[in-house]
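Some notes on the structure that comes next.
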Amino acid sequence: RPLVTMKNVTKTFSSGTVALTGMNLSVEPGEFVSLLGPSGCGKSTALRIIAGLGGVTSGEIDWPSSKINSRGLPEGDISFVFQEPTLMPWQTVFGNVYLPLRLRGVPEKAAAPQIREALATVGLADFEKAYPRELSGGMKMRVSIARALVTKPKLLLMDEPFAALDEITRQKLNDDVLALWKERGIAVIFVTHSVFESAYLSSRIVVMKARPGRVHADFPLHTEIART
Ligand code: ADP
Ligand code: ADP
């Protein structure tokens, strides 16, 4: 069963801007989907809708594999990584990664093993007591990835996550995300402007087009190449 399905989705903001019309997209477990397209074509809007962070004006959004909560949204199966790491400066790395579990009412003691596992996954096991200001841009991004992973999502949404980082850091993080995808079998939707990045990372490339925002092309890659 797909993790998420968008059927003929339209999104018109109250400003009158039509961000999406006739948007169709379905993502299966284990896929690594790159989402490409010009600025303003609705990539972020689509991602927010998939995350349950924004409603649709018409059409359908479904999460066939998820437990759905009382607000009709998927419970804990989808995590978001933004371009800005948005860490809380007054909290340690540990505290920042704890946040999603804290919001779910998980006591810190019970959460600690999961937090440490998520930090180890991104290579930051030794930094749990550090504060965000002590970390480089790449490390902050790793914390933000750990925070997304701590809830063990089935689908990871990344909106131009590494665009603000230098090339070398970016390449390292791409390799980390790739390793994570292979090892955990997590599905990823990765918004990028880089055709190189999309070819390097993904098992499928989806290209969107502006006015109206919708899927314009959708093609699989040879996953044996994408995965090695
Ligand atoms: P709506 O209520 O229009 O459906 P949302 O609730 O998703 O939309 O978000 C509306 C918010 O986004 C407002 O606070 C508005 O100030 C802000 N916003 C307005 N125009 C833009 C834009 N072009 N890009 C990003 N945010 C915008
Ligand atoms: P992309 O991520 O592909 O650059 P977006 O999804 O951010 O595109 O934006 C699609 C269109 O919707 C743009 O015209 C943008 O200005 C508009 N938009 C995005 N968010 C809002 C919002 N909250 N309120 C009003 N307009 C918005």
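If you go through the range 31-50, how many residues are surrounded by fewer than 19 Cβ atoms within 10 Å (Cβ to Cβ) and more than 11 Å from ligand 2 (Cβ to nearest atom)?
0
Which residue out of Lys152, Lys129, Lys172 is modelled with pLDDT of 95 or more and out of contact with any helix residue (DSSP H, G or I) (no Cβ under 6 Å at 6 or more places or on another chain)?
After applying the criteria, what remains is Lys129.
Condition check: farther than 22 Å from Val207 by Cβ, away from ligand 2 (no atom under 15 Å from the Cβ) and modelled with pLDDT of 95 or more. Does Ser58 satisfy that? Reasoning before the result, please.
Details: farther than 22 Å from Val207 by Cβ: yes; away from ligand 2 (no atom under 15 Å from the Cβ): yes; modelled with pLDDT of 95 or more: yes.
Taking the combined requirement at face value, the residue satisfies it.
Hey, among Glu183, Glu197, which residue is open to solvent by 90 Å² or more (accessible area, probe 1.4 Å) and acidic (Asp, Glu)?
Details: Glu197 fails: open to solvent by 90 Å² or more (accessible area, probe 1.4 Å).
One residue alone meets the criteria, Glu183.
Within the range 8-29, identify whether any single residue is in a strand (DSSP E or B), more than 11 Å from ligand 1 (Cβ to nearest atom) and under 17 Å from Val81 (Cβ atoms), and answer yes or no.
In the first step, residues of the range 8-29 are kept if they are in a strand (DSSP E or B); the result is 8-12, 18-27.
Adding the requirement that they be more than 11 Å from ligand 1 (Cβ to nearest atom) leaves 8-10, 18, 20-27.
Within this subset, residues satisfying the condition of being under 17 Å from Val81 (Cβ atoms) are 27.
Yes, there is a match, as at least one residue in the range 8-29 is in a strand (DSSP E or B), more than 11 Å from ligand 1 (Cβ to nearest atom) and under 17 Å from Val81 (Cβ atoms).
Scanning for something more than 13 Å from ligand 2 (Cβ to nearest atom) and free of Cβ contacts under 8 Å to residues at least 60 places away in the same chain, does the range 8-30 turn up at least one residue?
Taking the range 8-30 and keeping what is more than 13 Å from ligand 2 (Cβ to nearest atom), we get 8, 22, 24-30.
Now restrict to residues that are free of Cβ contacts under 8 Å to residues at least 60 places away in the same chain: 8, 26.
Yes; the residues of the range 8-30 include at least one that is more than 13 Å from ligand 2 (Cβ to nearest atom) and free of Cβ contacts under 8 Å to residues at least 60 places away in the same chain.
Here are some residues: Val93, Val143. Which one is over 16 Å from Leu180 (Cβ atoms), out of contact with any Pro (no Cβ under 6 Å at 6 or more places or on another chain), of a type in the set (A, V, I, L, M, F, W, C) and without any contact (Cβ under 8 Å) to a residue 60 or more places away in the chain? Lay out the reasoning, then the answer.
Working: Val143 fails: over 16 Å from Leu180 (Cβ atoms).
Checking each option against the conditions leaves just Val93.
The values are calculated or read from the model by the stated rules, or taken from the named source; none is laboratory data. A quick note: this is a predicted structure, and the numbers were derived from the prediction, not measured. Cβ: placed from backbone, ideal geometry, glycine included. Neighbour counts: every protein chain shown. Ligands, DNA and RNA are stripped out before the accessible areas are found, and what is left, the full protein with its side chains, is counted by its heavy atoms. Shrake-Rupley method; radii C 1.70, N 1.55, O 1.52, S 1.80 Å.
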